1. Only residues that are in a loop (DSSP other than H, G, I, E, B) and either surrounded by 15 or more Cβ atoms within 10 Å (Cβ to Cβ) or modelled with pLDDT of 95 or more (or both): list them for region 137-170, please.
2. In region 93-136, how many residues are open to solvent by less than 70 Å² (accessible area, probe 1.4 Å), assigned to a helix (DSSP H, G or I) and not hydroxyl-bearing (Ser, Thr, Tyr)?
3. Output the number of residues of region 56-66 satisfying the condition of being at pLDDT below 95 and small (Gly, Ala, Ser).
4. Which of the following residues is over 19 Å from residue 66 (Cα atoms) and among the hydroxyl-bearing types (Ser, Thr, Tyr): 92, 85, 117, 136?
5. Restricting the first residue to region 34-52 and requiring it to be over 10 Å from residue 87 (Cβ atoms), which pairs with a second residue that is β-branched (Val, Ile, Thr) and crowded, with 18+ Cβ neighbours inside 10 Å meet a Cβ separation below 8 Å and a spacing of at least six or different chains?
6. Looking at region 87-110 only, could you name the residues that are over 11 Å from the mean Cα position of the chain (by Cα) and charged (D, E, K, R)?
7. Any idea how many residues of region 70-81 are touching a helix residue (DSSP H, G or I) at 6+ places or on another chain (Cβ under 9 Å) and open to solvent by 50 Å² or more (accessible area, probe 1.4 Å)?
8. Can you spot a residue in region 82-92 that is at pLDDT 95 or above, over 14 Å from residue 59 (Cα atoms) and open to solvent by less than 70 Å² (accessible area, probe 1.4 Å)?
Amino acid sequence: MTLSRPERRDLLLTRPQLQGREPEPRAQLDSLAAIERVVIDATIALLAPGQKFALLWSLQVGERTVAGIQIKERNGTVTNLMPPTEVLEYLTDHKRMSYDPDAGAWLSAEIFIAGPTRYKTNYSTASVADWMPEVTADDLRAEFAAFPRPDTEIPDWARTQLDWADRRTG
């Protein structure tokens with residue numbers, strides 16, 4: 001199945017045309033739903049005919065943000081792309097806006113996209129997928145300083161990593 005994408009914008013082709021010009025200001029969105037809509041539409045815009053599924057992932061811990069898009073082809077092969085800068089910026093806005101002092105902020109996000117209205121989101125405040133880049137103790141310290149949470153909401157793996165790092169330097 002090919003994703004339908006009304007008013008498709010091919011971001012990969014339009015980027016070189018923008019070189020040397022000042023980028024237009026990014027719209028400030030006021031809801032999590034609006035941010036998700038823009039992020040999903042921008043990801044779908046990267047798909048070519050025959051590409052049926054995309055996984056947009058992001059790891060945001062402390063000052064560190066890494067993300068990628070994995071696109072599954074009809075023949076089962078996977079293509080990896082870098083998300084556009086605006087997608088990363090909107091995901092950072094999403095994290096900031098969804099912060100809850102009683103639970104913290106999300107550390108990792110996975111958005112499974114099969115169409116403009118067919119997607120599933122997973123924002124985790126407690127886990128990071130094994131295949132995502134490693135999270136360091138410094139990343140965790142910066143995260144919990146920027147987005148404090150109760151001790152009971154610090155994941156066991158993060159607490160162990162911080163304790164281990166403190167004993168090593170200690």
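1. If the condition is that a residue be in a loop (DSSP other than H, G, I, E, B) and either surrounded by 15 or more Cβ atoms within 10 Å (Cβ to Cβ) or modelled with pLDDT of 95 or more (or both), then 147, 148, 149, 150, 154, 155 are the ones that fit.
2. 4
3. Summing the residues that are at pLDDT below 95 and small (Gly, Ala, Ser) in region 56-66 gives 1.
4. 117
5. So the pair list comes out as 36/111; 44/113; 47/71; 51/71.
6. Residues satisfying the conditions are 96, 100, 102.
7. 0
8. Scanning region 82-92, I find no residue that is at pLDDT 95 or above, over 14 Å from residue 59 (Cα atoms) and open to solvent by less than 70 Å² (accessible area, probe 1.4 Å), so the answer is no.
The values are calculated or read from the model by the stated rules, or taken from the named source; none is laboratory data. What you see is a predicted model; the values in this text were computed from it and never measured. All Cβ positions, even for glycine, are placed from backbone atoms using ideal geometry, and neighbour counts span all protein chains on display. Areas reflect the complete protein model, heavy atoms only, side chains present, ligands, DNA and RNA absent. Shrake-Rupley method; radii C 1.70, N 1.55, O 1.52, S 1.80 Å.
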